[in-house]
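Peer 1: I'd like to ask some things about the structure below.
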Amino acid sequence: MFGLFKRDPKKKLQQAYERKLQAAMEASRNGDMRANAALTEEAEAILAEINHLKGQGS
């Protein structure tokens, strides 16, 4: 019953992932390919964490 009020960590990670991808796209548009690569790498790390949580079934 009290699990109803727990926050979903996957949802928070998904939002962070989407923000990183957006920032990477903006960096690419501005011609900053180093920032684009770094932000994309961070986004992929967040995606790996999301997939890990999905695999646990939490």
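The values are calculated or read from the model by the stated rules, or taken from the named source; none is laboratory data. Here the structure is a predicted model, which is why all the values come from computation and not from measurement. Here the Cβ positions follow ideal geometry from the backbone for every residue, glycine too, while neighbour counts run over all protein chains shown. For accessibility, only protein heavy atoms count, side chains too; no ligands or nucleic acids. Shrake-Rupley method; radii C 1.70, N 1.55, O 1.52, S 1.80 Å.
Peer 1: Report whether or not Gly55 is at pLDDT below 95 and more than 8 Å from the chain's Cα centre (by Cα).
Peer 2: yes
Peer 1: Moving on. Can you find a residue that is free of Cβ contacts under 8 Å to residues at least 12 places away in the same chain, among the acidic types (Asp, Glu) and either open to solvent by 60 Å² or more (accessible area, probe 1.4 Å) or touching an Asp or Glu at 6+ places or on another chain (Cβ under 8 Å) (or both) anywhere in segment 48-56?
Peer 2: The answer is no, given that none of the residues of segment 48-56 is free of Cβ contacts under 8 Å to residues at least 12 places away in the same chain, among the acidic types (Asp, Glu) and either open to solvent by 60 Å² or more (accessible area, probe 1.4 Å) or touching an Asp or Glu at 6+ places or on another chain (Cβ under 8 Å) (or both).
Peer 1: Would you be able to tell me the number of residues in segment 4-52 that are assigned to a helix (DSSP H, G or I) and over 15 Å from the mean Cα position of the chain (by Cα)?
Peer 2: Adding up the residues that qualify gives 9.
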